[in-house]
Amino acid sequence: MQSTLKYAILSLSTIGTVSAIILYFIAQKFKVIEDPRIDDVEQVLPLANCGGCGYPGCRNFAEACVNKHDLACLYCPVGGPATMQKIAKILGLEAGEQIPMIAVVRCSGSPENRPKTTIYDSVKNCLIASSVYSGDTGCEYGCLGLGDCVASCLFDAIHINEKTSLPEVDQDKCTACNACVKACPKKIIELRKKGPKDRRVFVSCINKEKGAIARKSCKVACIACMKCQKECPFDAITVENFLAYIDFEKCKLCRKCVAVCPTSAILETNFPPKKDSELNKEPIVTQENNTNV
Amino acid sequence: MSKGLKTFPVGGVHSCDNKLSASKQIESVALPTIVSIPLSQHIGAPAMPIVKPLDKVKVGQLIAKASGFVSANIHSSVSGTVKKIDDVPDSCGYKRPAVIIDVEGDIWEENIDRTDSLLKEIIFDQKSIIEKIQAAGIVGLGGATFPTHVKLSVPKGKTCEYLLINGVECEPYLTSDHRLMLEKTEEIFVGIIIVMKALGVPKAIIGIENNKKDAIDKMSAISNNYKGISVQALKVQYPQGGEKQLAKALINREIPAPPGLPIDVGCVIQNVGTIYAIYEAVQKNKPLIERVVTITGKSIKKPSNFLARIGTPISILIQATGGLPEDTGKIISGGPMMGKAINTTDIPVSKGTSGILVLPEELSNRKNANNCILCAKCVSVCPLGLEPYLLSKLSLKSLFDKAENEQVVNCIECGCCSYNCPAKIPLLDFIRLAKTTVMKNIRNRVK
């Protein structure tokens, strides 16, 4: 009995020692030398692995930051400028100037504005529904309201409003990671400049039908009347394929277009209630203010 | 009796036939006042319009040219003035370009033979038959709308041994092919001879399901007069009209997975409707401008088979059966298994419209889906031997690479799995998503 125990301990420890030596040499041979700064950079990242930066995960983004020697084209939309500053400090580089963005839902077709014409009772999935048919309303461009964007959001920042059955973006949570933009089969969601004090002006419609047809299916559709284009003092609005689009780089948030839109297809967000006297004033917000938020 | 009949060995379902309009003769309907003829009625590139607004057109005049080999010509089905070329909603509700014509009178192109006389003698050679079929814009009328001239052009290095004729009409409710076989029997046989000549095959087999006994009897009797053509009665089993299932049932050969084609196992398969259109195109110079459409449904007053011009709004056909019943919940273009629900009756009849099925409210809504209990009923009915429950789960989780490994591209979208699922899971909806995504991935990889 005693000797069995002795032999067992002896043989096991011999095997252990030999293996340890072999493993040590293998480890030396196949050693991967990695920049320790990658770990440091990874530590300051949000570690959400959302892919919003264009890389598969946070680790890959950290590697890219370290290897590229220039942060101009790299940006973590989740961490924002604060994180980029931290990364810049670790690497001793300059962080690129990035304008904060936000996802914007460009459809206002609530059931009141856009009556239902059919009932859809298959899988609650926008991609499947859009492959089956154009949608349960007269507008083939409008939101299906089945929530592919909600499912795609890793930050719980987009939800379907029960009343309007349209998705709404939580502006405090949205990180502009682009996931919902990719998930929407109708291409309704767009990333736009977040704007000073979260103020934005955008055309909340992507219907490319002629005015009369668009209006027939939805009360708040863009009918391409060109009024906004004529009104805009900054040439920010273009009308193409019977649809107006506001270029957020040129827009100075004067809101003149909002006032003239006959179908209220142009929306403004987070502006204080407007007084009549303000209508003819020059724009309050300038481009410089835009970038500082 | 039906035990000894041939069929395909794997899967399939047998639902109620509901062939309500089987005894109704093919009728023609009054001409509509306006038609919209879609430019994309076939698989492949849409046709290019060659008419302008205000042009006068005659019945049978070419109005849009095929824009490639896999594409088909489109002819005017009416005479009148071209109103405009505009986007109109298709059966899915998406806007597609179409030629809209105001109907004036009924003036036909002079070279079209409009008599009922049977022309048996075939004066054309192989090449000119295929050219005539191509010029007439004929596509597979069984529903897939694949341009027929492409099918008949046998690629080099491959030989065709059999021509298989699909007179199965396995979809419940639909009777357009059944009526054609009864009313245009001789014409169909001449059509088969034409296609046999075009392909250079000695043998043709017509497969007909056993629920169409009158058609089997009539076709068998006449087949004695034609050398090389035989009629085979088949057991009633959906989806026997699928190419793979029909080839297996008739000649016991297995068509390989896509991109495999029937020609890979030495056969070409044509629908009886297509054969009749070929007869008319080759012998009577008549392009594909009308087709038989079944308008049916349990609530429809007078289920009927209509010979409708392409471009006729479906609402006119429904009106001719006694109007849309009040309790209508769903209108399906095609049969109940593979058809598509449509959201308006304004859509036009196209080359692929085999029937319109009107369902009352109580039959329209899907039952609520429950959880999968892994009973494998979907596996047992899948005619391709796939595992629908697995494919649908992979699709739900967006694991499309795994779905590709599970051969999702083999799916023929017959809907047996969804039909048979006791938990009422819309399996096919998920699988279709996976299939289209995987096909797209494969195409991108080839590029």
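For region A:101-291, the Cβ-based charge dipole about the Cα centre amounts to some 400 debye (Lys, Arg positive; Asp, Glu negative; other atoms uncharged). Protection proxy ranking for B:73-79, A:77-83, A:108-114, using the average of other Cβ atoms within 10 Å per residue and placing the highest first: B:73-79, A:108-114, A:77-83. For the peptide A:89-98, the mean number of other protein chain Cβ atoms found within 10 angstrom of a residue's Cβ is 0. Among B:246, B:174, B:399, the residue with the largest mean-square fluctuation in a Gaussian network model of chain B, with springs joining Cα atoms closer than 10 Å, is B:399.
Expressed to the nearest 5 percent, the antiparallel share of DSSP beta bridges inside the protein assembly as shown is 70 percent. Springs join every pair of Cα atoms under 10 Å in this Gaussian network model of chain B, and among B:362, B:280, B:406 the largest mean-square fluctuation is at B:362.
For the segment B:393-403, counting C-beta atoms of other chains within 10 Å of every residue's C-beta and taking the mean gives 1.
Each part reduced to its alpha carbon centroid, region A:77-122 and region B:101-115 end up 59 Å apart. Among B:395, B:380, sorting on how many other beta-carbon atoms sit within 10 Å of each Cβ, with the fewest leading, yields B:380, B:395. Positive-end ranking of A:205, A:127, A:169 along the dipole of region A:101-291, with charges on Cβ about the Cα centre, is headed by A:205. Inter-chain neighbour count for B:87-93: the average number of beta-carbon atoms from partner chains within 10 Å of each residue's beta-carbon is 4. Farthest toward the dipole's positive end in region A:6-126, which of A:101, A:17, A:7, given Cβ charges of +1 (Lys, Arg) and -1 (Asp, Glu) about the Cα centre? Among A:101, A:17, A:7, the one farthest towards the positive end of the dipole of region A:6-126 is A:7.
Would you work out the charge dipole size for the protein assembly as shown about its Cα centre, treating the Cβ of every Lys and Arg as +1 and the Cβ of every Asp and Glu as -1, and quote it to the nearest 20 debye?
So the magnitude is around 480 debye.
By the beta-carbon count within 10 Å of each Cβ, the least crowded to most crowded order of A:73, B:416, fewest first, is A:73, B:416. Across region B:113-284, Cα pairs under 8 Å and at least six residues apart give a relative contact order of 32 percent.
For residue B:361, project a label point 7 Å along Cα to C-beta. Then give me every residue of region B:317-335 with its amide nitrogen under 17 Å of that point. Within reach of a label on residue B:361: B:324-331.
On the principal axes of its alpha-carbon atoms, chain B has extents of 63, 50, 49 Å, going from largest to smallest.
Of the GluC sites (Glu not before Pro) found in region B:50-158, those in coil by DSSP whose Cβ has at most 16 other Cβ atoms within 10 Å are B:104, B:110, B:121. Which shape class applies to region A:36-91: rounded if a/c is under 1.5, otherwise prolate when a/b exceeds b/c and oblate if not, where a ≥ b ≥ c are the square roots of the Cα gyration tensor eigenvalues? Note, shape of region A:36-91 comes out rounded. Answer rounded, prolate or oblate for the protein assembly as shown, using the Cα gyration tensor with square roots of eigenvalues a ≥ b ≥ c: rounded when a/c is under 1.5, else prolate when a/b is larger than b/c, else oblate. Oblate is the answer for the protein assembly as shown, as a/c is 1.5 or above yet b/c matches or exceeds a/b. With a cut-off of 20 Å on the backbone N, the residues of region A:88-108 near the modelled label site 7 Å out from residue A:249 along Cα-Cβ are A:96-104. The loop-placed trypsin sites (Lys or Arg not before Pro) in region A:1-75, going by DSSP, that have at most 11 neighbouring Cβ atoms within 10 Å of their Cβ come out as A:31.
Counting every other Cβ atom within 10 Å of each residue's Cβ, A:154, B:317 order from fewest to most as A:154, B:317.
Summary of packing: across the peptides B:10-17, B:330-337, the per-residue average of other C-beta atoms within 10 Å ranks them, highest first, as B:330-337, B:10-17. If I build a Gaussian network model for chain A, linking alpha-carbon pairs within less than 10 angstrom, which residue out of A:185, A:262, A:273 has the largest mean-square fluctuation? Of the options given, A:273 has the highest mean-square fluctuation.
Computed from the coordinates by the stated procedures, all read-outs in this text should not be read as laboratory data. Please read these numbers as outputs of a predicted model, since none were measured by experiment. For neighbour counting, all protein chains shown are included, and Cβ atoms are generated from backbone atoms with ideal geometry for every residue, glycine included.
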